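Following: one structure in structure tokens, then a few remarks.
The values are calculated or read from the model by the stated rules, or taken from the named source; none is laboratory data. None of the values given here were measured: they were computed from a predicted structure. For neighbour counting, all protein chains shown are included, and Cβ atoms are generated from backbone atoms with ideal geometry for every residue, glycine included. Protein only, heavy atoms only, side chains kept; ligands, DNA and RNA dropped before computing areas. Shrake-Rupley method; radii C 1.70, N 1.55, O 1.52, S 1.80 Å.
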Amino acid sequence: GKENLDKAIVKTSSPKQILSELNKGVKRSLNQNSPGNSNRDGMDAAVVKIKMEAGAASKVYYAGANRPLWIIRKDTGLLDEVKATKQAIGGFTNDNQEFEEHEMILNEGDMIFISTDGYADQFGSEKNKKLTTKRFKELLISYHTSDAKTQKHELEGFFSNWKGKSEQLDDVLVIGIKV
């Protein structure tokens, strides 16, 4: 995984090309194109590149393999979702799979979030229900004006309370960046 990512980053700084290179590297490393190889594991990924512009704006480039980018605008507090390409890295994905790259201008104070699916997919509460992406987005919106330390504390606390005594189903990673 990491070795393939390191090789991709050396070749390019374009998020879509990093994902394409990573896809080829993972398929090669796991020998997934060999006849009879039953290992068809794939993974989700998101790559973000931020380029600071003159003034208070930044240019953000994003490409995702099944993982979206969420933007919360400082001035409105609304969440916009930038959709990912509906393909994994590795697995059954074609060797020459291309990933769509999105370019956007963000203003100072806007926030971007990427995450694994582990947070939203967690079962818990008194009714043993899935947390859901909808509820997760609502949490991000409610905490977006807080500082990073507070956001981390609130998200961890909510997740822990939601999970309760249920087993954690998956890895959880949430990355928030204030532009």
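Cβ-Cβ distance of K152 and I50, R₀ of 22 Å, FRET efficiency by 1/(1 + (r/R0)^6): the value works out to about 0.65. Among residues other than D95 with Cβ under 13 Å from its Cβ, the summed charge is +1 (Lys and Arg +1, Asp and Glu -1). For the set W70, W162, solvent exposure ranked by accessible area (probe 1.4 Å, protein chains only) runs largest to smallest as W162, W70.
Per residue, the convex hull spanned by the Cα atoms of region 121-179 measures out at 84 cubic angstrom.
Dipole check for region 26-166: with +1 at the C-beta of Lys and Arg, -1 at the C-beta of Asp and Glu, and the Cα centre as origin, the magnitude is about 520 Debye.
The tail of the calculated P(r) for region 95-143, taken as Cα-Cα distances beyond 13 Å, holds 72 percent of the pairs. Rounded to the nearest 20 debye, the dipole magnitude of region 104-161 is 300 debye, with +1 charges on Lys and Arg beta carbons, -1 on Asp and Glu beta carbons, and the Cα centre as origin. The longest stretch of the chain left intact once loop-based trypsin sites (Lys or Arg not before Pro) with at most 13 other Cβ atoms within 10 Å are removed from consideration, loops following DSSP, is 41-82. Between the listed residues G90, M52, I177, the Cα displaced farthest toward the positive end of the dipole of the chain, a dipole computed from Cβ unit charges relative to the Cα centre, is found at G90. Backbone phi angles across region 139-149, fed through the Karplus curve with coefficients 6.51, -1.76 and 1.60 (θ = phi - 60°), yield HN-Hα couplings of 5, 4, 4, 5, 9, 5, 8, 6, 6, 4, 4 Hz in residue order; Gly and Pro are listed as x. Our coupling estimate for region 81-96, obtained by passing each phi through the Karplus curve with A = 6.51, B = -1.76, C = 1.60 and θ = phi - 60°, is 10, 9, 5, 8, 5, 7, 8, 8, 8, x, x, 8, 5, 4, 4, 9 Hz, Gly and Pro reported as x. Given a 1.4 Å probe and the protein chains as shown, L30 ends up with an accessible area of around 70 Å².
Across region 106-112, rounded Karplus estimates of 3J(HN,Hα) from the backbone phi angles (6.51 cos²θ - 1.76 cosθ + 1.60, θ = phi - 60°) give 10, 9, 3, x, 5, 10, 10 Hz, Gly and Pro being marked x.
Considering only the other residues whose Cβ falls under 10 Å of the Cβ of T116, what net charge follows from Lys and Arg at +1 and Asp and Glu at -1? Neighbour charge sum, excluding T116 itself: -4.
Each of T132, I71, G109 was scored by the projection of its Cα onto the charge dipole of the chain, and the greatest displacement toward the positive side belongs to T132; charges sit on the C-beta of Lys, Arg, Asp and Glu. Annotation: D171 carries an accessible surface of approximately 120 Å², with a 1.4 Å probe and no ligand, DNA or RNA atoms counted. Think of region 73-179 as having a plus end and a minus end, set by charges on the Cβ of Lys, Arg, Asp and Glu; of F99, W162, S142, W162 sits farthest toward the positive end of this dipole.
Here the convex hull built on the C-alpha positions of the chain has a volume of 129 cubic angstrom per residue.
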